[in-house]
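The structure appears right after this line, and notes come after that.
The values are calculated or read from the model by the stated rules, or taken from the named source; none is laboratory data. Note that the structure is a prediction, hence the values are computed from the model and not measured. Cβ placement follows ideal geometry from the backbone for every residue including glycine, while neighbour counts extend to all protein chains displayed.
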Amino acid sequence: MKIGIVCFPTYGGSGVVATELGKSLADHGHEVHFFSYDYPFRLNVFSENIFFHELNTVDYPLFIGKPYDLALTSKIIDVAKHEKLDLLHVHYAIPHSVSAFLAKQILKEDDYYLPVITTLHGTDINLIGKDPSIQPVVEFVLNQSDVLTAVSKSLMQNTFNHFKVNKEIQVISNFIDFSLFNFDQNKIDKYRSKFAQAEQSIIIHVSNFRKVKRVDDTLKVFAKTSKDINAVMLMVGDGPERQHVEDLTRSLNLSNVVFLGKARSVELLLSISDLFLLTSSSESFGLSALEAMAAKTPVISSNIGGLPDINIHNKTGFLCDVGDVEGMANQAIKLLNDADMLDEFKMNAFEHAKNFSIENIYPIYEQLYTDLLGSKNV
Ligand code: GMT
């Protein structure tokens, strides 16, 4: 098959999932064309089956910003026609499914039929998508997409709650490529010693530092935990809240917090850690928590969205109410104070994460494409 994939190139779950799926498709012999405004950061392989199409956005004094969605539409039309794409898979509804719909309509004028799959990821539905300024457009294009998928049951349910969607939404979980987590113990020990002494625990948080992640709660959980536990906190990622959280770290006089920014070696950083914290107010899936578990790191997280499907309470970690800093800190102290329990949770986390391996999820997407191309409705 010749497959177009539209995604954001940045340090976020939807871009990771789209890129890893594209890499797997290429490994299975499909031709994959990525569309994005920059080179996707996880597209770090060479394959004769992978092509990247960067958008050419125009700057013009009358516009507020650059018309990204129009540039994307035009690029899809051009590549679909010349490369003869069989289908287009867009990740994150806004504005990608709008551009996909427009491109599909324009291509129809030339009797070219381009089936579209939209994968819903999170804030495209739960936050920005339901804003009245764009809600009707999002609702319309969701219904126009040939296939809709969501990364969790919770996101599927929220989509039906917020939008009048008149078609099925297939739930396909996010996945993990376990080969990225294959470090030998020497490497882990060596890397760990760069951040912590032997007697110290490492607690980690990875996100894009947006308000929805409630990173100040993460820091407050660490502040309380570190009163009882000798620990270091690694803050990985960057985003709008980072400065505020760094300021809070200083005002709380926390010297053992390290901000690493958009580190490339996230899998290794997760592998040297003892505990992952994710205090978000909304999380449709929580890929970062699943990645932590794939690295044998238990998770203390909020109990919202898709997180309870990944983080099994009292087994792979603990779930607490959003904002329950005290509860999360108490669970962290309990876990980090009990070496046997910690070892057991590490193995439980790893075992549960295996249910989400790419080998389990990839065939579902491939089948979806095959069924779509075989269906009469396209
Ligand atoms: O929707 C977002 O906030 C961005 C998106 C991303 O690109 O990182 O995150 C969402 O999609 C991820 C991949 O499917 C999920 O793991 C995240 O839980 C989800 N984020 C939220 O729901 C806040």
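Of all the residues that make up the stretch 139-164, how many are aliphatic (A, V, I, L, M) and outside any helix (DSSP H, G or I)? If you could, list the steps in order and put the result at the bottom.
Residues of the stretch 139-164 that are aliphatic (A, V, I, L, M), as a first pass: 141-142, 147-148, 150-151, 155-156.
Subset that is outside any helix (DSSP H, G or I): 147-148, 150-151.
Of the residues in that region, 4 qualify.
Tell me which of these Val147 doesn't satisfy, since it passes every other one: (1) under 23 Å from Asp309 (Cα atoms); (2) out of contact with any Asp or Glu (no Cβ under 7 Å at 6 or more places or on another chain); (3) crowded, with 20+ Cβ neighbours inside 10 Å.
Single failed check for Val147: (1).
Under the condition of being free of Cβ contacts under 8 Å to residues at least 40 places away in the same chain and not in a helix (DSSP H, G or I), which residue from the stretch 74-113 is farthest from the ligand (Cβ to nearest atom)?
Asp111
Of the residues that sit in the stretch 17-33 and are within 16 Å of the ligand (Cβ to nearest atom) and crowded, with 23+ Cβ neighbours inside 10 Å, which one is nearest to Val151 (Cα to Cα)?
Val17
Look at Ser133 and say whether it is within 27 Å of Val212 (Cα to Cα) and away from the ligand (no atom under 16 Å from the Cβ).
Yes: the conditions hold for Ser133.
Kindly establish whether Tyr191 is in a loop (DSSP other than H, G, I, E, B), under 28 Å from Lys23 (Cβ atoms), of a type outside the set (Val, Ile, Thr) and modelled with pLDDT of 95 or more.
no
If Pro298 passes every condition in (1) within 16 Å of the ligand (Cβ to nearest atom); (2) of a type outside the set (Ser, Thr, Tyr); (3) within 24 Å of Ser154 (Cβ to Cβ) but one, which one does it miss?
Failing condition for Pro298: (1).
Return the residues of the stretch 39-58 that are out of contact with any strand residue (DSSP E or B) (no Cβ under 9 Å at 6 or more places or on another chain) and closer than 15 Å to Arg264 by Cα; say none if nothing qualifies.
Phe41, Arg42, Asn44, Val45
Return the residues of the stretch 305-315 that are in contact (Cβ under 8 Å) with a residue 60 or more places away in the chain and surrounded by fewer than 24 Cβ atoms within 10 Å (Cβ to Cβ); say none if nothing qualifies.
The answer is Asp309, and nothing else.
Six or more apart or on different chains, Cβ under 7 Å: which pairs go from a residue in the stretch 9-32 that's closer than 18 Å to Leu55 by Cα to one that's within 9 Å of the ligand (Cβ to nearest atom)? Could you list them?
Close Cβ pairs satisfying both conditions: Pro9/Gly15; Gly15/Cys7; Gly15/Phe8; Ala18/Cys7; Ala18/His91; Thr19/Cys7.
Just the residues that are in contact with a His (Cβ under 6 Å, 6 or more places away or on another chain) and of a type in the set (A, V, I, L, M), please, taken from the stretch 313-327.
Within the stretch 313-327, just Leu319 meets the criteria.
Might you check whether a residue that is over 19 Å from Val299 (Cβ atoms), surrounded by 16 or more Cβ atoms within 10 Å (Cβ to Cβ), of a type in the set (Val, Ile, Thr) and within 18 Å of the chain's Cα centre (by Cα) occurs anywhere in the stretch 217-238?
Looking for residues that are over 19 Å from Val299 (Cβ atoms), surrounded by 16 or more Cβ atoms within 10 Å (Cβ to Cβ), of a type in the set (Val, Ile, Thr) and within 18 Å of the chain's Cα centre (by Cα), one finds none in the stretch 217-238, hence no.
Any residue in the stretch 125-138 that is outside any helix (DSSP H, G or I) sitting within a Cβ distance under 6 Å of a residue that is away from the ligand (no atom under 12 Å from the Cβ)? List the pairs, counting only those 6 or more apart or interchain.
Hits for this filter: Gly129/Val138; Lys130/His162.
How many residues, within the stretch 200-242, are within 16 Å of the ligand (Cβ to nearest atom), of a type in the set (A, V, I, L, M, F, W, C) and assigned to a helix (DSSP H, G or I)?
Qualifying residue count, the stretch 200-242: 2.
Scan the stretch 70-93 residue by residue and report those that are surrounded by fewer than 18 Cβ atoms within 10 Å (Cβ to Cβ) and under 29 Å from His162 (Cα atoms).
Once the filter is applied, which keeps residues that are surrounded by fewer than 18 Cβ atoms within 10 Å (Cβ to Cβ) and under 29 Å from His162 (Cα atoms), the stretch 70-93 yields only Leu70.
Within the stretch 39-47, can one find any residue that is surrounded by fewer than 20 Cβ atoms within 10 Å (Cβ to Cβ), more than 16 Å from the ligand (Cβ to nearest atom), of a type in the set (A, V, I, L, M, F, W, C) and over 23 Å from Thr159 (Cβ atoms)?
yes
Quick test of your reading of the structure: Val137 fulfils all but one of (1) within 20 Å of Leu368 (Cα to Cα); (2) among the aliphatic types (A, V, I, L, M); (3) out of contact with any His (no Cβ under 7 Å at 6 or more places or on another chain). Name the failing condition by number.
Here Val137 meets the rest and fails (1).
Of all residues being buried (at least 18 other Cβ atoms within 10 Å of the Cβ) and more than 23 Å from Asp177 (Cα to Cα) in the stretch 243-281, which is nearest to the ligand (Cβ to nearest atom)? Just the residue, please.
By that ranking, first place goes to Ser280.
Condition first: within 16 Å of the ligand (Cβ to nearest atom) and part of a loop (DSSP other than H, G, I, E, B). Now tell me which residues in the stretch 171-188 satisfy that.
Listed by number, the residues that qualify are Ile172, Ser173, Asn174, Phe175, Asp177.
Can you tell me which residue within the stretch 338-378, out of those that are surrounded by 13 or more Cβ atoms within 10 Å (Cβ to Cβ) and not in a helix (DSSP H, G or I), is modelled with the highest pLDDT?
Per the criteria, the residue is Ser357.
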